[in-house]
Amino acid sequence: MIEKRELIWLDPQGGAEHVCIGIEDGKDIRVNVVQTLDQIPPALGTSDAIIVRLIDDCALLRDMQLLMQECGVIVPVITRVERGRIDLAVHAMRQGAAHVVAADERRPAVWAEALASTSRPASRPQTFIFADPVSQKLLMLARRVAETDVTALLTGPTGSGKEVLAKILHEGSKRRTGPFVPLNCAAMPESMIEDLLFGHEKGAFTGALREHAGVFEQAHGGTLFLDEIGELPIGLQAKLLRVLQEKQLTRLGARSSTDVDVRLVAATNRDLKAAIEAREFREDLYFRLSTFKLQLPALRERPADIVPLAHLMLEKFGGARGPWAITPPAEQMLIRHRWPGNVRELGNVMQRAIVLCAGSVVDVDHLVFDDWQCAAGLAEAPVIQAAEEHGTELVSPANDLGSAVRASEHRAIMAAIQGSNSRAEAAKTLGISPRTLRYKLAQLKGHGLSLAATERG
């Protein structure tokens with residue numbers, strides 16, 4: 001029996017009759033049939049495999065691979081070719097196809113074998129989207145850096161996706177078949193970090209009952225990702241620099257050194273130059289780490305990524321209830337929010353939306369933001385001004401979730417009404433019926449929220 005999987009069936013000529021022949025679209029497998037790349041859902045990374053029909057050449061396969069690169073995801077591709085086109089099948093495999101089947105193949109056993117070849121670790125999907133021009137420039141630069149073995153330093157605000165970008169650098173490098181080992185330098189006590197980095201021999205200290213390989217040895221032949229490198233104790237920075245320069249380390253309690261072959265990617269949200277001036281970070285280590293710097297933008301600086309990311313997270317956290325949709329007013333609310341918590345905050349918001357949404361369509365009243373008093377980034381919008389003018393008490397973080405939802409809904413409704421000439425127009429802006437708007441206004445009034453600005457009709 002095949003495990004439950006999500007598939008994309010891409011065929012420019014249609015060919016949907018084969019979806020239910022060999023691949024049963026039921027409780028075990030869900031198939032999304034499309035005819036063009038434009039029809040592929042934004043949450044591409046949630047798919048387990050993509051089945052692509054090739055007609056005359058591998059152009060569609062290459063376009064599919066480029067789309068995945070732009071989205072920052074890696075999804076196995078099965079190609080369908082006409083029987084007898086051995087040349088095209090061979091070319092597709094050379095281009096990176098995981099498997100090739102005949103275009104008219106209907107036997108379940110053949111499809112089971114093809115799908116088995118696409119099994120992937122459960123670590124996907126990626127949470128970095130490259131739809132915005134700012135993100136696309138970053139991706140182009142990251143590709144160039146990935147092809148080399150230079151040490152990279154990733155900078156950017158908390159929650160912007162530095163570990164995801166580090167994985168992209170690893171997967172795009174010649175070390176992609178080796179391990180990817182992450183370590184957060186701020187997550188462990190200072191007394192343990194040296195052991196975690198370099199390891200120890202048996203009997204090196206009380207409690208060392210067996211030898212232990214540190215993350216450098218664990219990452220041998222692959223990539224070591226040191227997150228929050230700015231929090232590394234000053235005393236260990238010299239030892240780290242020595243390992244990077246000599247490509248050798250000495251375990252705690254060892255009498256001899258061990259060779260290590262590791263590509264280091266470091267990340268920080270601190271201003272390391274300021275830390276150097278404060279004598280909290282070694283200048284020589286900084287220059288060793290920053291061979292190539294990649295600056296990750298805050299989420300608000302790449303607005304075109306927000307909605308595709310939201311779709312990706314809906315499928316990630318609530319895929320069983322999908323396919324998911326987001327109403328246009330809700331999309332605008334997401335885009336207008338300032339996202340001080342970046343991608344991590346967006347993930348929180350979408351998980352709340354899944355909890356609050358009875359179906360699979362996310363609307364404005366399902367969006368509850370971390371910054372309760374500035375929901376949807378409307379701090380400068382008329383809704384907040386109106387609230388102040390009419391004495392509306394904005395909800396505080398201490399209030400319960402229901403109050404927060406009502407406050408968010410209140411702001412959205414007042415903003416729509418103030419920007420419209422009538423309630424009917426406001427309802428259209430919100431994506432609801434006039435009757436639903438009247439019902440929501442009555443509810444809000446019943447909870448004591450001021451609606452003075454709506455009385456004009």
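The values are calculated or read from the model by the stated rules, or taken from the named source; none is laboratory data. This one's a predicted model, so the numbers in the text were calculated from it and none came from an experiment. Virtual Cβ from ideal backbone geometry, glycine too; neighbours counted across all protein chains shown.
Points to keep in mind about this one:
- Considering residues of the range 69-86 that are at pLDDT 75 or above and under 27 Å from L165 (Cα atoms) only, the residue nearest to the chain's Cα centre (by Cα): V75
- Enumeration of residues in the range 33-59 that are modelled with pLDDT of 80 or more and either in a strand (DSSP E or B) or closer than 22 Å to L169 by Cβ (or both): V33, V34, A49, I50, I51, V52, R53
- Taken as a whole, the condition of being in a helix (DSSP H, G or I) and either touching a Gly at 6+ places or on another chain (Cβ under 7 Å) or modelled with pLDDT of 90 or more (or both) does not apply to L264.
- Residue in the range 328-364 that is surrounded by the most Cβ atoms within 10 Å (Cβ to Cβ), counting only those that are more than 21 Å from the chain's Cα centre (by Cα) and modelled with pLDDT of 90 or more: V364
- Qualifying positions in the range 274-311 - under 30 Å from R352 (Cβ atoms) and in a helix (DSSP H, G or I): L299, R300, E301, P303, A304, D305, I306, V307, P308, L309, A310, H311
- Scanning the range 141-162 for residues that are among the acidic types (D, E) and out of contact with any strand residue (DSSP E or B) (no Cβ under 9 Å at 6 or more places or on another chain) yields a single hit, E147.
- Among the residues making up the range 193-214, those that are touching a residue at least 40 places away in the same chain (Cβ under 8 Å) and among the aliphatic types (A, V, I, L, M) are I193, L197, A204, A208.
- Candidates in the range 255-278 are the residues that are under 24 Å from E211 (Cα atoms) and loosely packed, with under 13 Cβ neighbours inside 10 Å; of these, the one that is nearest to the chain's Cα centre (by Cα) is D259.
- Among residues of the range 325-341, those that are hydrophobic (A, V, I, L, M, F, W, C) and farther than 22 Å from A426 by Cβ, counted: 1
- Among the conditions (1) crowded, with 16+ Cβ neighbours inside 10 Å; (2) more than 18 Å from L441 (Cβ to Cβ); (3) at pLDDT below 50, V383 misses just one, which is (2).
- Only listed residue being modelled with pLDDT of 80 or more, among the basic types (K, R) and within 30 Å of I306 (Cβ to Cβ), chosen from R62, R30: R62
- L312 modelled with pLDDT under 90, within 18 Å of F130 (Cβ to Cβ), crowded, with 23+ Cβ neighbours inside 10 Å and not assigned by TED's automatic domain parsing to the domain that holds I29: yes
- Condition broken by G15, with the remaining ones in (1) at pLDDT 80 or above; (2) over 27 Å from the mean Cα position of the chain (by Cα) satisfied: (1)
- Taken as a whole, the structure places A424 among residues that are touching a Pro at 6+ places or on another chain (Cβ under 6 Å), in a helix (DSSP H, G or I), at pLDDT 65 or above and more than 29 Å from G159 (Cβ to Cβ).
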